[in-house]
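Reading through the structure tokens given below for one structure.
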Amino acid sequence: MAEIRILTESELRQCVGLSRELHDVIAAGFARLADPDVVMPPVLSMDLPAVNGEVDIKTAWLPGVDNFAIKVSPGFFDNPAKGLPSLNGLMVLLDARTGQVAAVMLDNGYLTDMRTAAAGAVAARFLAPEQVHTAGVIGTGLQARLQIEALLLERKVERVLVWGRDAERAERYAAEQSRVLGIPVSVAETAERLVRESQVVITTTPAREPVIRAQWLHPGLHITAMGSDSPLKNELDPQVLGDADVLIVDRLSQSLERGELRTAVSCGVMQAAIELPELSALCAGHHPGRSSQDQVSVCDLTGTGVQDTAIADYALKRALRQGLGASIIS
């Protein structure tokens, strides 16, 4: 008979939050991705146009990690009209040695939000310049908030610029985040001005047309693009990738299928057979990352099953130590 721990979103919020410790956990997960024994299948995606929805399923089995996660992420975008959230989801954690179900995490996407922000922080740890006067974020949603909060755990930042297509939401973001972060946050007049004045820029949009142009790049700039996670999305002008001194992806096969690299290859800026370093190489110490403060670096994050397994295993251990959750016997 197996004991299965059931954890709700509110319980997971009590034991997992943004921290340097969480960044270390996600970095360690990426480092293990360099191991040839890792098993991480392609993302399983279902497009459901009849109900204006989509479902993604991600997983990864990592040597040396006690458990592995299978994550189901639905997005049903007519739900707000029904009084329901658009995004939902859960993670099922299985014992890595026996395959027995260890936990069901009814997180409603919370752990995905945390691991996505932590991945951005890991990219900044290895690629952002040491001196960051201004950080810019394009987008005004939840990840726009979390990505900057995570960045501030890795770099000291003096001010933040935000730009979004909805000027009212951008103004609201600036006012709220100035209070939360305790540093000045202001709205940039244009995305171009934001990029030109920032040393770190994070894109957090569902854009299908580029929001950053190659002409805006300047020495010492780092860009983390985390919004493009499906074949329909695109945040960066393909030439941005071609002009970068350092270009890193979280998973080459995924970036070619659903990340910024897909567009750069389709328009001929990059070659389909290109070999690019993955974030795992930086985390495992196999790649130096930024080797000069004047380099332009770009990191394309599409979201990996490794992140889900890393954070779910971490969350279960912390929940058990704190006595959170209910157990059922199967």
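The values are calculated or read from the model by the stated rules, or taken from the named source; none is laboratory data. Just so we're clear, the structure is a prediction, and the values are computed from it rather than from any experiment. Don't worry about glycine lacking a Cβ; one is built from the backbone with ideal geometry, like all the others, and counts go over all protein chains shown.
Taken together, GLU154, GLU149, GLU130 contain a single residue that is in a helix (DSSP H, G or I), under 27 Å from SER178 (Cβ atoms) and among the acidic types (Asp, Glu), which is GLU149.
Residues in region 25-36 that are surrounded by fewer than 17 Cβ atoms within 10 Å (Cβ to Cβ) and either in contact with a strand residue (DSSP E or B) (Cβ under 9 Å, 6 or more places away or on another chain) or closer than 21 Å to CYS299 by Cα (or both): ASP35 alone. For region 298-326: of the residues being assigned to a loop (DSSP other than H, G, I, E, B) and in contact (Cβ under 8 Å) with a residue 24 or more places away in the chain, which is surrounded by the fewest Cβ atoms within 10 Å (Cβ to Cβ)? Here the residue is LEU324. On the stretch given as region 75-101, residues that are under 15 Å from ASP308 (Cα atoms) and either among the hydrophobic types (A, V, I, L, M, F, W, C) or not in a loop (DSSP other than H, G, I, E, B) (or both) total 7.
Quick grid of which residues meet (1) under 22 Å from SER19 (Cα atoms); (2) touching a helix residue (DSSP H, G or I) at 6+ places or on another chain (Cβ under 6 Å):
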site: GLY139; (1), (2): no, no
site: LEU152; (1), (2): yes, no
site: VAL157; (1), (2): yes, no
site: GLY164; (1), (2): no, yes
site: ALA167; (1), (2): no, no
site: VAL185; (1), (2): yes, yes
site: LEU194; (1), (2): no, no
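Put simply, of SER292, SER266, SER255 the only residue that is among the small types (Gly, Ala, Ser) and in contact with a Lys or Arg (Cβ under 9 Å, 6 or more places away or on another chain) is SER255.
Based on this model, can you work out whether GLY220 counts as closer than 29 Å to ASP24 by Cα, among the small types (Gly, Ala, Ser), surrounded by fewer than 24 Cβ atoms within 10 Å (Cβ to Cβ) and modelled with pLDDT under 95? So GLY220 fails the test.
The set of residues in region 152-195 that are basic (Lys, Arg) and surrounded by 18 or more Cβ atoms within 10 Å (Cβ to Cβ) contains only ARG155. Checked against (1) buried (at least 19 other Cβ atoms within 10 Å of the Cβ); (2) over 22 Å from ALA69 (Cβ atoms), GLY109 meets all criteria but (2).
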